[in-house]
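Just below is one structure, and these are the notes that go with it.
The values are calculated or read from the model by the stated rules, or taken from the named source; none is laboratory data. All values reported here derive from a predicted model rather than from experimental measurement. So basically every Cβ, Gly included, is an ideal-geometry build from the backbone, and we count neighbours across all protein chains shown.
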Amino acid sequence: MGSCSARRWLAAVLLLLAPGLVVLLGTNGVARGDESSAVQPQHDPLFDEVGGGADAPAGFPDPLEGMNRSLLRFNEELDRWVLDPFTRIYRFLVPSPVKRSLRNAVANVNSPVILANDVFQLELHDAGITLWRFVINSTVGIGGLIDIGDLLNVPRHSSDFDQTLAIYGVPSGPFLVLPILGPNTVRSSAGMVVDLLFRPTVYFLGPAEQLTFTIIQGGSSGLALREAAFDQIRALHESSVDYYASLRNAYYQNRMAEIWGRRRAREAQAQARVVSEPRP
């Protein structure tokens with residue numbers, strides 16, 4: 001009872017703090033590399049920047065580079081001695097169908113976060129898809145172990161509070177490397193706190209179970225997701241002259257694609273429909 005009450009108080013405090021974080025991020029001013037322009041729902045100017053025009057930004061502003069490099073070295077040692085061995089053991093022992101089911105279950109548990117942010121972004125069609133997928137996967141899909149939505153060609157999409165803030169024009173703030181969690185920004189770090197409030201496991205798992213789930217889902221992309229990207233992470237590390245700079249740029253490109261990808265695809269589809277419509 002006491003643990004449940006403490007979590008409710010924590011949720012209330014975080015909800016009260018979240019608007020202040022948004023205001024702080026929105027009024028602090030941004031370096032040239034950030035998505036500083038206010039984004040209108042009808043047009044996403046950041047697309048043009050990510051596309052690589054003459055004035056394309058190099059990435060998120062990074063005034064804390066010295067501290068970030070130190071934290072990256074800490075994370076690399078943690079990877080070397082703890083996470084990488086666990087990932088290799090997990091990869092060797094767990095059959096591929098089980099790993100796929102575990103990734104599906106982790107994604108399904110995150111569906112309420114996606115649903116909330118779809119609504120925040122006024123993406124009601126996507127919200128309906130997310131709700132349908134969550135219900136069908138949680139029931140027929142046995143708690144999300146089987147992705148029924150994917151089998152029926154209803155693809156999953158991602159959405160989070162960092163994305164919501166970006167769409168409403170809130171700048172990212174500086175690039176951050178967090179212990180265990182890895183690459184982030186000030187905005188995405190605040191977004192993770194808000195997203196946590198919409199994750200069901202926070203409210204019905206005890207401390208030990210929540211820690212286990214966090215290890216699977218959270219730290220350094222989570223064991224299930226980390227295993228899926230293990231080869232790409234190692235290849236980036238081995239091929240980079242400056243791994244920190246490569247990681248920062250890769251995070252920027254991937255994050256921008258996650259934030260704006262669906263909107264760019266819809267915009268392209270709408271333009272294609274206009275072009276293909278017969279003229280009177």
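What number goes with the only condition from (1) modelled with pLDDT of 90 or more; (2) charged (D, E, K, R); (3) closer than 30 Å to residue 92 by Cβ that residue 234 does not pass?
It is condition (1) that residue 234 fails.
Would you mind stating whether residue 170 is among the aliphatic types (A, V, I, L, M), in contact (Cβ under 8 Å) with a residue 60 or more places away in the chain, surrounded by 17 or more Cβ atoms within 10 Å (Cβ to Cβ) and outside any loop (DSSP other than H, G, I, E, B)?
On the way: among the aliphatic types (A, V, I, L, M): yes; in contact (Cβ under 8 Å) with a residue 60 or more places away in the chain: yes; surrounded by 17 or more Cβ atoms within 10 Å (Cβ to Cβ): yes; outside any loop (DSSP other than H, G, I, E, B): no.
Judged against the criteria, residue 170 is not a match.
If you scan the stretch 107-123, which residues turn out to be out of contact with any helix residue (DSSP H, G or I) (no Cβ under 7 Å at 6 or more places or on another chain), under 21 Å from residue 153 (Cβ atoms) and in a helix (DSSP H, G or I)?
Once the filter is applied, which keeps residues that are out of contact with any helix residue (DSSP H, G or I) (no Cβ under 7 Å at 6 or more places or on another chain), under 21 Å from residue 153 (Cβ atoms) and in a helix (DSSP H, G or I), the stretch 107-123 yields only 107.
Within 21 Å of the chain's Cα centre (by Cα), among the hydroxyl-bearing types (Ser, Thr, Tyr) and either within 24 Å of residue 160 (Cα to Cα) or at pLDDT below 95 (or both): does that describe residue 111?
Against the criterion (within 21 Å of the chain's Cα centre (by Cα), among the hydroxyl-bearing types (Ser, Thr, Tyr) and either within 24 Å of residue 160 (Cα to Cα) or at pLDDT below 95 (or both)), residue 111 qualifies.
Do we find that residue 220 is assigned to a helix (DSSP H, G or I), at pLDDT below 85, touching a Leu at 6+ places or on another chain (Cβ under 9 Å) and of a type outside the set (A, V, I, L, M, F, W, C) in this structure? First the steps, then the outcome.
Details: assigned to a helix (DSSP H, G or I): yes; at pLDDT below 85: yes; touching a Leu at 6+ places or on another chain (Cβ under 9 Å): yes; of a type outside the set (A, V, I, L, M, F, W, C): yes.
Yes.
Among the listed residues 100, 69, identify the single one that is under 30 Å from residue 265 (Cβ atoms), modelled with pLDDT of 85 or more and assigned to a helix (DSSP H, G or I).
On the way: 69 fails: under 30 Å from residue 265 (Cβ atoms).
Among 100, 69, only 100 is under 30 Å from residue 265 (Cβ atoms), modelled with pLDDT of 85 or more and assigned to a helix (DSSP H, G or I).
Counting just the residues of the stretch 124-138 that are of a type outside the set (A, V, I, L, M, F, W, C) and closer than 14 Å to residue 111 by Cα, which one comes out surrounded by the fewest Cβ atoms within 10 Å (Cβ to Cβ)? Give the steps one after another, and end with the answer.
If we filter the stretch 124-138 for residues that are of a type outside the set (A, V, I, L, M, F, W, C), which is where we start, we get 125-126, 128, 130, 133, 137-138.
Still in the running and closer than 14 Å to residue 111 by Cα: 126, 128, 130, 133, 137-138.
Details: 126: 19, 128: 12, 130: 25, 133: 26, 137: 25, 138: 16.
Checking each candidate, the answer is 128.
Would you please list the contacts, defined by Cβ atoms under 7 Å and residues six or more apart or on different chains, that run from a residue in the stretch 87-100 that is of a type in the set (Ser, Thr, Tyr) to a residue that is part of a helix (DSSP H, G or I)?
Here the result reads 87/223; 87/226; 87/227; 87/230; 90/223; 90/227, each pair linking the stretch 87-100 to a residue that is part of a helix (DSSP H, G or I).
Could you say which residue among 119, 135, 94 is more than 20 Å from the chain's Cα centre (by Cα) and modelled with pLDDT of 95 or more?
Values: 119 fails: more than 20 Å from the chain's Cα centre (by Cα); 94 fails: modelled with pLDDT of 95 or more.
The unique qualifying residue is 135.
Residues being of a type in the set (Phe, Trp, Tyr) and either under 10 Å from residue 162 (Cβ atoms) or outside any loop (DSSP other than H, G, I, E, B) (or both): count how many of those fall in the stretch 185-206.
Of the residues in that region, 2 qualify.
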